[in-house]
Each structure stands twice: as structure tokens, then as C-alpha cells.
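Asker: Before I ask anything, here is the structure I am working with.
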Amino acid sequence: MSAPERIEGARVGVIGLARSGTAVARLLAERGARVYASDAERRDETRGSAAALLAAGIDVEIGGHDRGRLAACDWIVVSPGVPPSAPILLDPAIAGRPIYSEIEVASWLAAAPIAAITGTNGKTTTTALLGAIAREGGLDVAVAGNIGEAFSAAVRERRTVDWYVLEVSSFQLARIATFRPRVAVVLNVAPDHLDVYPDLEAYVADKRRILENMGPEDDLVLNREDPVVADFAGDARAGPALHWFDRTGNLAAKAGTGATADSPRRGAAVVDGWIALVDEPGEGRILPVDRLGIPGAHNVQNALAATAAAARRGVGPEAIARALATFPGVPHRLETVAEEDGVRFVNDSKATNVESTVVAIEAFDAPLVVILGGRHKGSPYARLLPGLEARARRVLAIGEAADRIAGELGGVVDVEVAGTLERAVERAREIARPGDVVLLSPACSSYDQFENYERRGDAFRDLARRAVCPPGGAR
């Protein structure tokens with residue numbers, strides 16, 4: 001599929017200088033575009049990105065956008081962190097220009113096929129796991145997108161790979177035109193980003209775009225247990241080949257979930273306690289579920305999804321089994337960062353929405369001291385109550401959403417407004433008893449107090465380690 005825009009000699013605007021914006025600006029400049037890159041912020045991270053681009057000879061502005069210069073561009077790339085409601089994007093002179101996401105533009109220049117993973121929760125783990133399986137199977141892959149390295153950076157630096165394995169978000173999919181994964185995985189869909197989207201339907205519509213350019217020779221892997229995701233099968237009937245993953249072992253069609261009686265019964269499932277392939281290359285048992293390197297029922301789903309996708313790319317069952325057994329998980333997702341006197345501190349900063357925090361709470365049988373909060377994203381917190389009632393000794397609320405969390409949960413569970421992460425960790429250490437888990441699983445974005453969820457998780461890791469081993473050896 002050819003690129004819809006000319007690059008060499010084109011005037012291109014890049015809005016937003018986080019990782020993806022900086023990477024695509026460099027990629028386009030190296031391919032002959034005349035780039036004007038800008039960001040409304042003046043944070044330290046933004047200043048560093050701007051300095052790097054200036055050193056590369058790229059025209060950069062921070063602290064604002066030049067409306068006239070953007071309006072004079074042939075087309076524009078927008079970073080996923082720039083919301084659709086940003087004033088510069090609503091300016092009629094800008095909105096009239098063709099606007100693309102960074103993954104769309106990078107895909108024009110990618111020299112290898114794409115496997116793309118999306119969903120509300122589990123994207124990072126499944127993407128990293130699929131990359132690990134592919135490498136175990138002898139494939140040279142670049143793992144990028146919404147995980148670590150931007151897709152544009154991978155395209156610049158890894159031109160000879162066999163595959164690009166990408167985590168893609170709804171914001172990245174919102175502005176695609178020709179982006180085409182040869183394998184696409186949709187994990188789950190739950191309310192998220194309702195501070196940006198007008199309703200759940202709009203969010204689902206952007207997720208659904210992952211398959212709009214796929215053809216009959218491509219493969220779509222869907223969660224058989226999620227009715228919203230299963231409904232994507234209707235869009236696939238004239239497009240990609242359909243595959244399922246399902247912890248129940250039942251790949252037969254079920255009424256009302258989007259599949260019909262003639263839907264294929266193939267993919268990955270749990271069969272008699274084993275991860276297994278059904279009617280796929282390498283069909284049969286792969287690995288006992290209790291030997292997975294990553295714990296939790298949600299990670300069984302992630303493992304099934306990665307197994308089905310890897311099988312479609314020709315990775316054999318032995319390599320899949322080795323990778324599933326040894327994959328250690330990813331930072332900031334149920335990551336134990338400190339432990340002392342029987343109290344374990346777990347960093348789940350990647351849980352930036354309510355559904356992800358539900359999964360985290362349900363992953364533990366131990367009593368919990370749960371740190372919630374940050375910037376509210378539009379979803380109510382009541383969904384957390386069953387798990388908190390069953391497990392939480394106390395909830396410590398932080399950030400902009402602290403009072404909202406206290407108001408929505410405080411009548412049912414014990415909630416204390418701690419304000420900052422530092423104060424929350426101090427209080428957690430005072431409250432927790434031997435056998436407890438102190439769980440940072442915020443159910444909110446980080447942008448009120450931190451640049452991203454990684455910085456929030458790093459801060460928690462440092463605070464937890466100081467809490468269990470303070471300077472001078474005394475608490």
C-alpha cells in the first residue's frame with residue numbers, strides 16, 4: 001500500500017515533542033522533508049527533545065505553536081499525547097490540513113511487516129511477550145510503538161528486521177489512513193480515556209480501526225471472552241483471517257458475541273490446564289498454565305493472545321513454550337520493588353484506568369494497602385469496590401483525583417487522602433502488617449504530578465526502597 005503523502009521536499013508539521021513526535025521529526029527530516037516541530041509545553045523533557053532536534057538541523061519551537069507555519073505545511077503529524085481537543089488542532093487553518101498519527105507515517109517507511117497489539121489493558125505485557133516469543137523462534141524483531149521505543153525510531157534504526165511488533169493505542173489508531181498490520185491482536189475493551197472521548201462508542205470505534213486496512217492474507221486475533229472485542233469479528237468477514245483466544249477452551253461460537261455459527265474455531269485456548277493451539281500450525285499442548293513465567297488470570301489471556309499471534313508467524317510450539325516459561329513480565333506492571341518484615345511493595349503504575357486496577361487488586365489474596373489517584377480520566381471508581389471490600393486494609397488517595405476517590409469509595413472502604421505519593425508510601429509503611437501488600441495501582445493517569453507513568457513508577461520504587469531500608473538504617 002503506497003503512502004498517501006509525498007515526503008521528500010514536503011513541508012511537514014509535527015505537533016508534540018514526546019518520544020513519538022521527536023522520533024518522527026528525525027525520521028522525516030532524514031528522508032528529505034522540511035520539518036517544523038512544536039510543543040505547547042516547556043518541561044525539562046520537552047527542552048531536551050527540542051535541543052536534540054535543533055542539533056540535527058530541524059526547526060523547533062517550544063512553549064507554543066506557530067499557527068501560520070503549521071497552516072502552510074503540506075500535512076501534519078500529531079503525537080498521541082496531544083488530545084483531539086487541543087486548541088491548535090481545532091484551529092480551522094490547521095484542521096483543514098491532512099493530519100496523521102506517528103504510527104501511520106512510520107508505516108509508510110517500514111521495511112518489514114507489522115504485528116500490532118491493542119486493547120484497554122495488557123497491551124504492554126502482550127507486546128513484550130510476543131517479541132520474546134518471536135526472538136526465541138529465531139526472528140529478528142523490533143518491539144516498539146506505545147511501549148518504550150517509538151515506531152519511527154525503530155524504523156530509523158532497525159531497517160533489516162523480520163518484523164515490527166507494536167503496541168498501539170486508540171489515540172495512535174485515531175489518525176491512521178493506510179496503517180496495515182499483517183497480524184493484529186485485540187485484547188479487551190473497557191471504559192477508558194473518557195476524559196478525552198465523548199463516550200465509550202467513540203473509544204471503541206478507534207480501537208476497531210486496527211483492522212480497517214487488513215486483507216484476506218492477514219490474521220486477526222480476538223478475545224473470545226470479551227463481547228465487545230468478539231463483535232469485531234463482524235468487520236473481519238470480508239477481510240483478515242479470524243483467530244480466537246479463550247481461557248475456557250471453548251472456541252465454538254456463542255450467541256450474542258459477534259461470532260456466527262460459521263465462525264472458525266481456531267486459535268489458542270486453555271485445554272486441561274495447558275496453553276494449547278487449536279486448529280493452528282503446531283496444534284496441541286504448549287505449556288502447563290502453572291508454568292507461565294507471569295502470574296495471574298489476566299496474564300493467561302495475554303499468553304494465549306501472544307501464542308496465537310506467534311503461531312501465525314511460523315514460530316514453533318517448542319520456542320513458544322520456552323518463552324512463555326521464562327518471560328519475566330514488564331516494569332511498572334505488578335512489579336515487586338521492595339520487601340521487608342513480610343510487607344511487599346508492588347509497582348503497578350501502568351494501571352492508568354479503573355479496569356486495569358481491578359485486575360491488579362484481584363491478582364492478590366493478601367491484605368492490601370492500595371494507593372490510588374492521579375489525574376481523573378472520566379470513569380467512576382465504584383467498579384473497584386468489590387475487590388477493595390474483600391482485600392483492602394486501607395486506600396490511600398493521591399493527586400488531583402484524591403477527593404473524588406474518597407467521595408466515591410469512602411462510604412464503603414477505609415479511604416485516607418494522602419495527597420502526594422511520598423506521603424502515601426510513608427503512611428503505607430506505617431499501616432501495613434506482615435503479610436500485606438502495598439500496591440500502587442492508581443486507576444488514573446500520572447500527568448498531575450509526573451511526566452508519565454514510568455516516572456511515577458520509578459518514584460514509587462525509590463520511595464519503597466527507602467521505606468524498607470532508610471538512610472542510616474533506622475525507620
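The values are calculated or read from the model by the stated rules, or taken from the named source; none is laboratory data. Worth saying up front: this structure is predicted, and the values here are computed from it rather than measured. FYI the Cβ positions are ideal-geometry reconstructions off the backbone, even for glycines, and counts take in every protein chain you see. Note: areas computed on protein heavy atoms with side chains; ligands, DNA, RNA excluded. Shrake-Rupley method; radii C 1.70, N 1.55, O 1.52, S 1.80 Å.
Asker: Out of all the residues in region 1-60, which are part of a helix (DSSP H, G or I) and either closer than 21 Å to Phe179 by Cβ or basic (Lys, Arg) (or both)?
Answerer: Arg19, Ser20, Gly21, Thr22, Ala23, Val24, Ala25, Arg26, Leu27, Leu28, Glu30, Arg47
Asker: Considering every residue within region 365-376, establish whether at least one is part of a helix (DSSP H, G or I), open to solvent by less than 40 Å² (accessible area, probe 1.4 Å) and either within 25 Å of Val196 (Cα to Cα) or not polar (S, T, N, Q) (or both). Step through it out loud before you land on a result.
Answerer: Going residue by residue through region 365-376, those that are part of a helix (DSSP H, G or I) are none.
Scanning region 365-376 turns up no residue that is part of a helix (DSSP H, G or I), open to solvent by less than 40 Å² (accessible area, probe 1.4 Å) and either within 25 Å of Val196 (Cα to Cα) or not polar (S, T, N, Q) (or both).
Asker: Still on this structure: Filter the helices (runs of 4 or more DSSP H) completely within region 169-236 down to those with at least 3 residues that are within 16 Å of the chain's Cα centre (by Cα).
Answerer: 170-173, 200-208
Asker: Pairs only if they're at least six apart or on different chains, beta carbon under 7 angstrom, first in region 262-287 and modelled with pLDDT of 90 or more, second surrounded by fewer than 23 Cβ atoms within 10 Å (Cβ to Cβ) and among the aromatic types (Phe, Trp, Tyr); list them, first residue then second.
Answerer: Sorted first by the residue in region 262-287, then by its partner, the pairs are Arg285/Trp274; Ile286/Trp274; Leu287/Trp274.
Asker: Across region 25-48, what is the number of residues that are open to solvent by 20 Å² or more (accessible area, probe 1.4 Å), farther than 16 Å from Asp66 by Cα and out of contact with any strand residue (DSSP E or B) (no Cβ under 6 Å at 6 or more places or on another chain)?
Answerer: Total satisfying the criteria: 9.
For every residue, the table says whether it meets (1) among the small types (Gly, Ala, Ser); (2) free of Cβ contacts under 8 Å to residues at least 60 places away in the same chain; (3) assigned to a strand (DSSP E or B); (4) closer than 24 Å to Ile294 by Cβ.
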| site | (1), (2), (3), (4) |
| --- | --- |
| Ile117 | no, no, yes, yes |
| Asn121 | no, no, no, yes |
| Gly138 | yes, no, no, yes |
| Ser152 | yes, no, no, no |
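Asker: Only one of Asp436, Asp414 is in contact (Cβ under 8 Å) with a residue 12 or more places away in the chain, open to solvent by less than 30 Å² (accessible area, probe 1.4 Å), closer than 20 Å to Val358 by Cα and of a type in the set (D, E, K, R). Can you tell me which?
Answerer: Sole residue among the options that is in contact (Cβ under 8 Å) with a residue 12 or more places away in the chain, open to solvent by less than 30 Å² (accessible area, probe 1.4 Å), closer than 20 Å to Val358 by Cα and of a type in the set (D, E, K, R): Asp436.
Asker: Now for a separate question. Would you point out which residue out of Asp403, Asp365 is out of contact with any His (no Cβ under 8 Å at 6 or more places or on another chain), under 21 Å from Pro295 (Cα atoms) and among the acidic types (Asp, Glu)?
Answerer: Testing whether each residue is out of contact with any His (no Cβ under 8 Å at 6 or more places or on another chain), under 21 Å from Pro295 (Cα atoms) and among the acidic types (Asp, Glu) leaves just Asp365.
Matching residues to (1) under 22 Å from Asn121 (Cα atoms); (2) hydroxyl-bearing (Ser, Thr, Tyr); (3) at pLDDT below 95:
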{"site": "Asp403", "(1), (2), (3)": "no, no, no"}
{"site": "Ala406", "(1), (2), (3)": "no, no, no"}
{"site": "Ala443", "(1), (2), (3)": "yes, no, no"}
{"site": "Glu454", "(1), (2), (3)": "yes, no, yes"}
{"site": "Ala459", "(1), (2), (3)": "no, no, no"}
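Asker: Scan Arg182, Arg156 and give me the residue that is in contact with an Asp or Glu (Cβ under 9 Å, 6 or more places away or on another chain), open to solvent by 30 Å² or more (accessible area, probe 1.4 Å) and within 24 Å of Asp246 (Cβ to Cβ).
Answerer: Answer to the check: Arg182.
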